[in-house]
Amino acid sequence: MIARFKDLCLDATDAHALGAFWAGMLGGDLVDTGDGDTRVDPRGTRSGAEAVWVNTVAEPRTGKTRVHLDLRLPTADPGPLMAAGARLVREPDAEIGWWVLADPEGNQFCAFPPGDNPRPGVFELVVDSADPVAQATWWARVTGGRVEPTEEGYASVVGAAGFPWDYWVFDPVPERKRVKNRMHWDVDLTRPEPTELIRAGATLLREPDERISWWILADPEGNEFCAFAPKPNA
């Protein structure tokens, strides 16, 4: 294991408005970080990622949402999500059994009926991929866990270190990544430098400098992620 899954980050043109929306979706607490960004913290005793950081960026969203969350609804009714500001993109039909929605800045996510699972909330992180098995295998090598391929073509990482939800899914799509992802994940390194990540196939995009204290890298399919050095005594 080279790193542990740490948290999620979401770009926003209005970090306060989008942070408030996702705090409601995730049942978390909205924190103003004082620098124009916001953070959604898990509430109470819920386990999970450290936070969802909502970061102000100048550029608006363009292109397809390639990284998204899947939520399990408490009832078979997405009405409360739309009342909170979500926009309906697609109803369930013969091809899919869930709703596709978009947040106030157009980032799509999926909402599933309860089914046999009574626990509502996020249950998986989904990433578009040209080669899902290769991507899942690479991230399983980085963060531990096991790979579960399916006949439908997608592959999941289950049991990754620090991962807060049930599945980390890599979903096959025909189109390639062309623009920066609006949502990305962070990892905590097990060593002070990202050398092992780079040797494993990650691309270094930016070194720490006077503005940031972490490395920005990309995985083999170009998905950006941030890597943080271990905390002292961690």
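FYI, it's all coordinate maths here, none of it is from the lab. Here the structure is a predicted model, which means the values were calculated and not measured. Because the Cβ atoms are built from the backbone with ideal geometry, glycine has one as well, and the counts that use them run over all protein chains shown.
Numbers below:
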| item | result |
| --- | --- |
| DSSP-assigned coil residues among GluC sites (Glu not before Pro) in region 145-213, each with at most 10 further Cβ atoms within 10 Å | Glu151, Glu152, Glu175, Glu210 |
| Dipole-positive endmost among Trp99, Pro120, Pro132 within region 92-139 (Cβ charges, Cα centre) | Pro120 |
| Proximal lysines to Lys64, defined as alpha-carbon separation beneath 26 angstrom and excluding residues fewer than eight positions away on the same chain | Lys6, Lys177, Lys180 |
| Residues in region 186-202 that a label on Ala134 would reach, taking backbone N under 18 Å of a point 7 Å out along Cα→Cβ | 198-202 |
| Residue with peak Gaussian network fluctuation, the chain [Cα springs, cutoff 10 Å], from Met25, Met183, Met82 | Met82 |
| In nm, spacing of pseudo-spin labels at Arg90 and His16 (7 Å Cα→C-beta vector) | 3.5 nm |
| Value of [θ]222 nm, deg cm²/dmol, for the chain, DSSP H segments ≥ 4, -39500 (n - 2.57) each, nearest 500 | -4000 deg cm²/dmol |
| Computed over the chain: relative contact order in percent, which uses C-alpha pairs under 8 Å that are six or more apart | 21 percent |
| Total formal charge among the other residues, if their Cβ is under 15 angstrom from that of Ala12, Lys/Arg +1 and Asp/Glu -1 | -4 |
| Inter-centroid distance (Cα atoms) of region 65-120 relative to region 168-228, Å | 27 Å |
| Distant-in-sequence amide H partners of Val57 (H built 1.01 Å from N, under 5 Å) | Ala12, Thr13 |
| Choice from Gly115, Gly28, Gly145 with maximal GNM fluctuation in the chain (Cα, 10 Å cutoff) | Gly115 |
| Equivalent ellipsoid semi-axes - Cα gyration tensor, region 141-200, angstrom | 22, 17, 12 |
| Theoretical FRET efficiency, 1/(1+(r/R0)^6), r = Cβ-Cβ of Ala200 and Ala76, R0 41 Å, to 0.05 | 0.45 |
